[in-house]
Each structure stands twice: as structure tokens, then as C-alpha cells.
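Just below is one structure, and these are the notes that go with it.
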Amino acid sequence: MQLTFLGTGTSMGVPVAGGFGRERMDGDPRNIRWRCSAWLKTEEASIVIDTGPEFRLQTIRSGLSHIDMVLITHEHMDHIAGLDDLRPFCYKQEQSIPVYTSQPCIDAIKRRFEYMFGPNRYPGATSIDLETITSGITFRDMEITPLPAIHGKVNVLGYRVNDVAYLTDVKEIPESTKQLIRGAKVMVLSGLRWEPEHPTHMTIPEAIEMADELEIPQTYLIHMNSYVNHEKVSRRLPDHVRLAYDQLTVEIS
């Protein structure tokens, strides 16, 4: 299976608009982070996790041309704002695209993208089939298991797809979810910054502790803000934890 990081940045992206944060970087392209999204591809399936504000551009620069399914982690706009960009995929594939997520997220999507649904659906609008996911499903050669986690006051879903566990916007991982993650070859986990602590996101040290606890062979950190310099922070990481960056592709055998 091939994992491509379409975006690895926090909710405002990196660099940040409007002069908020460290918007002048050092020229390292790994420090330019679009909003979090991932593409998982096998011989039989091509699925995406989250569709943020840059999703159209992410698909173009990665060469993503076919989407069988979308998994959404939660309803915050940096993870769903690009749902409308599924429209050309619907046209090309001549079918609706299934989108799996939690029921609260489905409710939020229907409110924010009202023109896509119901009797007043706008002609030609993106066609998606919203489905709740509460337990594992099999899709072609992919075994997909939802991974409930906590993002402050919001319940989010991570996903285990075969041997990859993907969790973003996480502060706490319940013990029951940890059992579902154990045994994965690769974990993708959010690590907002080195310090200080944050009420709704793991810091990088907290993410390292989680990777150690779960004994995952290789962990990639995502959802980093503009104060995370790729080269400098990478020097502080143990060998089994790395910073992901936009367009990084990882092969999982």
C-alpha cells in the first residue's frame, strides 16, 4: 500500500495568512504545509482521508485522478471544506462517491453543504453518499477500522487501513482505541508543536510518548504549526518518529 501525505499542516496552514505566527520560513519546502489530507492507494482501491481547503490543488500536484471512497475524521472546516472539489471526480467516474464518517459529522456536512442534498439539491452539485461508520468494514483489498479519539470537546475518528493507523486532531486516545492501533506497522499522529501544551492537540513530545506506548515501528507526525521547523525539530526526534511533509510518499508492504 502507498501512503501519500497531501497536506500536513494545522488548521490555518503554514505559512499563516495575515501575519499571524511565523509566516516567514527558511525556504525549506517541507515547512510549507497545506491542511491535512492523505491518499491511500493499493492495487484495488484509492481512498482519501479528509478534504481540506486546498484539496483541489493537492489532487493536482499529487496526480490523484481517481477516488473510490473518502474517510472524514471530523467536521472542522480544515477537514471538510474541500468536499465540493469531489465534483469533477463524480463527473469523470459517473457515480456518487461514498463518504464515511460519524453521525455528528454527517449532520454538520448536511448543514454546511445544504445545496448538495435533499429535494432542493442544486443541479450538477457534487454527488456524495454519506455513510456512518461505527465498526470495521472491508472495501476491496482494504480493511478499514474507525479509531475513536478525543479532540478537546469534539469526538473525532481516526482510521486504521490495513497496517496504517491515521489519527489527526487528537488530544486523548481511549484505551479501547489503543487496542485497535496496536500491531500497525505505521502510525500517523498529530503533533502540533514542541511546546507549550495545548488543550485540544497533542504536542510533539506527547505524540512521541504515544508512539512509544503503542510500540509502533514507524510514526509520522502531522498537523504541525508554523513554529515547527522541519530540519531543526527532526534532529530532536527518535529514529522511529519522523515529521511528515506535503507530498511525502511511503510504501507499506
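The values are calculated or read from the model by the stated rules, or taken from the named source; none is laboratory data. Computed from a predicted structure; not experimentally measured. Counting neighbours? That spans all protein chains shown, and the Cβs are built from the backbone with ideal geometry, glycine included.
In the stretch 204-228, how many are among the β-branched types (Val, Ile, Thr), outside any loop (DSSP other than H, G, I, E, B) and under 23 Å from ASP163 (Cβ atoms)?
The qualifying residues number 3.
Is one or more of the residues making up the stretch 207-225 over 26 Å from GLU175 (Cβ atoms) and not charged (D, E, K, R)?
Checked against the condition, which is being over 26 Å from GLU175 (Cβ atoms) and not charged (D, E, K, R), the stretch 207-225 yields at least one hit.
Examine the stretch 126-149 for a residue that is without any contact (Cβ under 8 Å) to a residue 40 or more places away in the chain, closer than 29 Å to PRO238 by Cβ, among the hydroxyl-bearing types (Ser, Thr, Tyr) and surrounded by fewer than 15 Cβ atoms within 10 Å (Cβ to Cβ), and state whether such a residue exists.
no
Scan the stretch 55-76 residue by residue and report those that are of a type in the set (A, V, I, L, M, F, W, C) and more than 22 Å from ILE173 (Cα to Cα).
PHE55, LEU57, ILE60, LEU64, ILE67, MET69, VAL70
Looking at the stretch 35-44, can you tell me whether even one residue there is among the hydrophobic types (A, V, I, L, M, F, W, C), in a loop (DSSP other than H, G, I, E, B) and under 13 Å from the mean Cα position of the chain (by Cα)?
yes
Name the residue, out of LEU57, LEU6, LEU83, that is over 24 Å from MET187 (Cα atoms) and surrounded by 19 or more Cβ atoms within 10 Å (Cβ to Cβ).
LEU83
Give me the pairs, please: first residue somewhere in the stretch 160-180 and within 13 Å of GLU213 (Cα to Cα) and touching a residue at least 12 places away in the same chain (Cβ under 8 Å), second residue anywhere and of a type outside the set (S, T, N, Q) and in a loop (DSSP other than H, G, I, E, B), beta-carbon distance under 8 Å, and either six or more positions apart or on two chains.
The qualifying pairs do not exist here.
In the list THR126, THR138, THR145, which residue meets the criterion of being touching a helix residue (DSSP H, G or I) at 6+ places or on another chain (Cβ under 6 Å), assigned to a strand (DSSP E or B) and either among the polar types (S, T, N, Q) or closer than 19 Å to VAL70 by Cβ (or both)?
On inspection, the qualifying residue turns out to be THR145.
Considering only the stretch 229-253, how many residues are part of a loop (DSSP other than H, G, I, E, B) and either within 21 Å of ALA184 (Cβ to Cβ) or modelled with pLDDT of 95 or more (or both)?
13
Checking the conditions here, which among TYR245, TYR227 is of a type outside the set (Gly, Ala, Ser), touching a residue at least 12 places away in the same chain (Cβ under 8 Å) and surrounded by fewer than 16 Cβ atoms within 10 Å (Cβ to Cβ)?
Testing whether each residue is of a type outside the set (Gly, Ala, Ser), touching a residue at least 12 places away in the same chain (Cβ under 8 Å) and surrounded by fewer than 16 Cβ atoms within 10 Å (Cβ to Cβ) leaves just TYR227.
Confirm whether LEU180 is surrounded by fewer than 22 Cβ atoms within 10 Å (Cβ to Cβ) and either among the aliphatic types (A, V, I, L, M) or touching a Gly at 6+ places or on another chain (Cβ under 8 Å) (or both).
Spelling it out, LEU180 is indeed surrounded by fewer than 22 Cβ atoms within 10 Å (Cβ to Cβ) and either among the aliphatic types (A, V, I, L, M) or touching a Gly at 6+ places or on another chain (Cβ under 8 Å) (or both).
Report, by residue number, each residue of the stretch 34-54 that is touching a Ser or Thr at 6+ places or on another chain (Cβ under 8 Å) and either more than 22 Å from HIS151 (Cβ to Cβ) or surrounded by fewer than 21 Cβ atoms within 10 Å (Cβ to Cβ) (or both).
Within the stretch 34-54, TRP39, LYS41 meet the criteria.
Would you mention how many residues in the stretch 194-224 are crowded, with 17+ Cβ neighbours inside 10 Å and at positive phi?
Of the residues in that region, 1 qualify.
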